[in-house]
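For reference, the structure discussed in these notes is given below.
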Amino acid sequence: MKTILLAGTFAAIAGSAFAHATLDRKEAEAGATAKITLRVPHGCAGEATHTVRLTLPDGFYAAKPMPKPGWELTTETGPYAAAYDNHGTEMTQGLRQVIWSGGQLDDAWYDEFTVRGTFGPDIAPGTVLYFPAVQDCATGTADWTDTSGAHDVPNPSPKLTIVAGGAGHEHAHGAAPAADDHAAAPVTAGSLEITGGFSRATLPNAPVGGGFLTITNTGSADDRLIAATSDIASHVEIHEMAMEGDVMRMRELSQGLPVPAGETVTLKPGGFHLMFMDLKTPLTEGETVTVTLTFETAGTATVPLAVGAMNAKGRGTMDHNDHSGHGTKE
Ligand SMILES: [Cu+2]
């Protein structure tokens with residue numbers, strides 16, 4: 001996968017009698033996870049700012065605000081206009097507004113307010129995303145909420161322009177690349193057979209990744225996946241997707257994942273999955289990583305995961321190739 005370069009062209013702000021509140025970046029890559037920082041250059045007509053409210057646009061998801069010493073952080077969440085796929089998890093809602101309050105930012109001072117999030121992979125290059133902001137002062141406000149895009153309005157909203165992503169998400173619906181045949185062979189542990197292991201490429205600064213595979217219990221006793229470890233992550237969790245109200249969310253299976261006798265359990269995007277927490281290194285398409293699974297009865301099994309595209313739906317060799325020489329027979 002190509003290296004992601006966040007194309008930051010930090011052009012000088014066009015001259016204006018009073019500096020506006022702006023973002024520190026003019027552009028962001030579709031599909032990239034990045035920080036956006038609101039720059040607050042002055043107060044409300046001379047007054048000190050005690051509250052800063054920043055509204056996040058559709059297209060900027062899985063966002064997290066950065067707390068600031070001396071300011072109380074509150075947030076508002078709400079539905080997204082469209083759902084996002086977050087390492088196999090469907091995200092339909094999230095952070096929509098961040099409020100830093102209780103501060104004291106003198107008119108003569110300058111400060112920055114930061115949120116980190118991901119830009120939707122399917123946003124067309126050239127799309128402008130607006131991050132409207134309002135400063136509250138003792139008696140007045142400074143509002144930066146005009147999203148018309150017009151020049152010379154007194155209160156332009158902070159904004160940035162989406163540029164094409166470099167992560168190759170456009171080969172969206174492909175499967176993981178064909179890894180070497182050895183990696184595609186099933187791994188066995190006791191009466192368990194594990195096949196089709198794959199993962200998905202991540203952006204360079206992604207905190208988590210997903211792992212997917214199929215476990216078949218050919219025996220006559222139930223078993224249970226109780227733990228997983230990997231060199232690529234500080235720890236690995238076993239997750240499921242579940243509906244909470246009408247929102248699909250992931251949660252950890254604290255009791256592990258049952259693998260009943262004679263049945264096949266599939267870990268796949270949108271369903272059960274392994275979650276690599278605190279990734280130590282980005283996952284790169286075409287590489288193979290390993291995860292060691294621990295089962296209650298069968299013991300441990302170390303399974304290769306072929307890293308596919310960021311939205312790979314399966315392992316290439318399992319989905320498309322007729323591997324008559326390799327498969328469940330070995
Ligand atoms: Cu998860």
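Could you grab me the full set of residues in the stretch 49-73 that are more than 22 Å from Asp146 (Cα to Cα) and either acidic (Asp, Glu) or surrounded by fewer than 14 Cβ atoms within 10 Å (Cβ to Cβ) (or both)?
To start, the set of residues in the stretch 49-73 that are more than 22 Å from Asp146 (Cα to Cα) comprises 62-73.
Residues satisfying the conditions are Pro67, Pro69, Gly70, Glu72.
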Condition set farther than 26 Å from Thr297 by Cβ and among the small types (Gly, Ala, Ser), scope the stretch 200-230, selection nearest to the ligand (Cβ to nearest atom): answer is Gly209
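Can you name the residue in the stretch 254-298 that is assigned to a loop (DSSP other than H, G, I, E, B) and within 14 Å of the ligand (Cβ to nearest atom) and is also farthest from the chain's Cα centre (by Cα) among such residues? Steps first, please.
Taking the stretch 254-298 as the starting set, the residues that turn out to be assigned to a loop (DSSP other than H, G, I, E, B) are 254-256, 260-263, 268-272, 280-287, 296-298.
Next, from what is left, pick out any that are within 14 Å of the ligand (Cβ to nearest atom): 254, 268-272.
On the way: Ser254: 23, Lys268: 17, Pro269: 14, Gly270: 14, Gly271: 17, Phe272: 17 Å.
Applying the filter and picking the extreme gives Ser254.
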Report yes if some residue within the stretch 239-253 is more than 12 Å from the ligand (Cβ to nearest atom), closer than 23 Å to Thr188 by Cα, in the same structural domain as Ser191 (by TED's automatic domain parsing) and in contact (Cβ under 8 Å) with a residue 12 or more places away in the chain; otherwise report no.
no
Can you work out which of the residues in the stretch 87-111 that are within 16 Å of the ligand (Cβ to nearest atom) and polar (S, T, N, Q) is surrounded by the most Cβ atoms within 10 Å (Cβ to Cβ)?
Thr89
Take the stretch 130-154 and flag every residue that is more than 30 Å from the chain's Cα centre (by Cα) and in contact (Cβ under 8 Å) with a residue 24 or more places away in the chain.
Asp136, Cys137, Ala138, Thr139, Gly140, Thr141, Ala142
Examine the stretch 204-224 for a residue that is in a strand (DSSP E or B), of a type in the set (Lys, Arg) and within 21 Å of the chain's Cα centre (by Cα), and state whether such a residue exists.
no
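So if I check each of Ala12, Ala63, Ala28, Ala82, which one is in a strand (DSSP E or B) and either at pLDDT below 90 or within 16 Å of the ligand (Cβ to nearest atom) (or both)?
Ala82
The values are calculated or read from the model by the stated rules, or taken from the named source; none is laboratory data. This structure is a prediction, so every number in the text was calculated from the model and none was measured. Note that each Cβ is placed from the backbone with ideal geometry, even for glycine, and that neighbours are counted across all protein chains shown.
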